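Reviewing the structure listed below.
The values are calculated or read from the model by the stated rules, or taken from the named source; none is laboratory data. Everything numeric in this text was worked out from a predicted model, so none of it was measured. Cβ atoms come from the backbone with ideal geometry, glycine included; neighbour counts cover every protein chain shown. Each accessible area value is taken on the protein alone, full model and side chains, heavy atoms only, with ligands, DNA and RNA left out. Shrake-Rupley method; radii C 1.70, N 1.55, O 1.52, S 1.80 Å.
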Amino acid sequence: MKRRQFLGAGAALTVALSQSRLLHAIDADNKYRNDIGIQLYTLRNQIRSDVGRTIEAVAKAGYKQVEPYGFPNADEMIQAAKDNGLAVNSTHFEWDSVVNPDKEGVPPFAEILEKANKHGLTHLVIPWLPNDKRDSLDKYKTLAEQCNGAAEEAAKAGVTLAYHNHAFEFQPMEEGVTGYDILIKEFEAAKFEVDTFWVQVGGHDPAELVRKLKGRVTQLHLKDLDAAIKTPMYDGLPQTAFKELGNGVIDVESLIEAAADAGVAHCHVEQDHSPNPMKSIKQSMKHLKSL
């Protein structure tokens, strides 16, 4: 074989392998696209007005599962989802039950687990960390200890516990170490729900992080970032930064491929802010179907 032919064949093989990897992620049987979920916080204002009609519209838009918020006070969302043939595998829940269990009025984590079992949930996610719980690396170590303990308790009930990130976990602290570095190092029983948008805002490659955490990521949140946003940005993000899938700088295809490589269970679309949330979730679904 002549050198030019050899180089040409090599280039063709490289393209073919690249396309093969991509098709593996987005073929017609891709479970993440076919079973795509929606984090219902996206539609919180609509849910506040009419839970039933909002969840019905979610089903009509093509979503197959929902991830509620505010659990254990999410009965209406869960029932409406089931009434519309939508699966409910995971929910965000009252984080204080793990990170601030002695706070007055906080439901015991054991009660949250009992109710999760009642609804047939398999995943519980800590969605937020208050400022006073994350202003030092030692506090992130305390968080990891709390999450590991709760995760062990959850596992006995057949439930997986995960922590959902924002961008603040990626802000360098003492000697350049980040809170997320601590969680990666210290999490044992606890898992990660990776919000890919916030990883990008925090200055990291979300697909690369998902692969790095192979076997430790239970779910992904998929959303897109406006190209005008300069990263990293750890706070003060404008609402206009949140875009529908395909309308920003995040490569959704690479995230779906990374999810498969890392053994992720579920993927959920989320858009924290939108002038028209229902229109936005339809646009994100349209993009997913085009992949």
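Quick notes on this one:
- Translational D in µm²/s for segment 83-130 (Stokes-Einstein at 4 °C, 1.567 mPa s, Kirkwood Rh from C-alpha pairs): 111
- For segment 160-218, the Kirkwood radius over C-alpha pairs fed into Stokes-Einstein at 25 °C and 0.890 mPa s yields D = 212 µm² per second.
- Dimensionless Rg over Rh [segment 177-291; C-alpha; Kirkwood]: 0.97
- Each stretch of four or more DSSP H residues adds -39500 (n - 2.57); spread over every residue of the chain, this sum gives -13500 deg cm²/dmol at 222 nm.
- Alpha-carbon centroids, segment 221-291 and segment 125-141: separation in whole Å: 24
- Based on Cα contacts under 8 Å between residues 6+ apart, segment 174-273 shows a relative contact order of 32 percent.
- Of the residues F197, P68, A207, the one whose Cα sits farthest towards the positive end of the charge dipole of the chain is A207 (charges of +1 on Lys and Arg Cβ, -1 on Asp and Glu Cβ, taken about the Cα centre).
- The distance between label points at T240 and E186 comes to 3.9 nm (points 7 Å beyond Cα on the Cα→Cβ vector).
- Cβ-placed point charges (K, R +1; D, E -1), dipole of the chain about Cα centre in debye, nearest 20: 1480
- Quarter of Cα convex hull surface for segment 47-178, i.e. mean projection, nm²: 9.1
- Long-range lysine pairs (8 or more apart or interchain), segment 148-291, Cα under 14 Å: 10
- Electrostatic bookkeeping for N84 treats Lys and Arg as +1 and Asp and Glu as -1; over the other residues with beta carbon under 12 Å from its beta carbon, the sum is +2.
- Net charge contributed by nearby residues that have their C-beta within less than 12 Å of G215 (K/R +1, D/E -1): +4
- Among the DSSP helices (H) of the chain, those spanning at least 30 angstrom by Cα along their long axis with an average Kyte-Doolittle hydropathy of 0.5 or more are 3-26; this is a geometric and hydropathy rule only.
- Descending semi-axes in Å of the chain, equivalent ellipsoid built from Cα gyration tensor: 32, 24, 19
- Of every Cα-Cα pair in segment 129-180, the percent that sits beyond 14 Å: 56
- Exposure rank, largest accessible area first [T240, T91; 1.4 Å]: T240, T91
- Max mean-square fluctuation residue, GNM over the chain, Cα-Cα springs under 10 Å, options D272, D27, D96: D27
- Percent carbon-and-sulfur accessible area, segment 157-233, ignoring ligands, DNA and RNA, probe 1.4 Å: 47
- Rg/Rh (Cα only; Kirkwood hydrodynamic radius) as it applies to segment 108-212: 0.99
- Point-charge dipole on Cβ atoms (K/R +1, D/E -1) for segment 47-135, about Cα centre, debye to 20: 400
- The chain: relative contact order as a whole-number percent, Cα under 8 Å and 6+ apart: 17
- Nonlocal amide H pairs with E67, under 5 Å, H built at 1.01 Å: I38, Q39, L40
- Accessible surface, the chain, averaged per residue in Å² (probe 1.4 Å): 48
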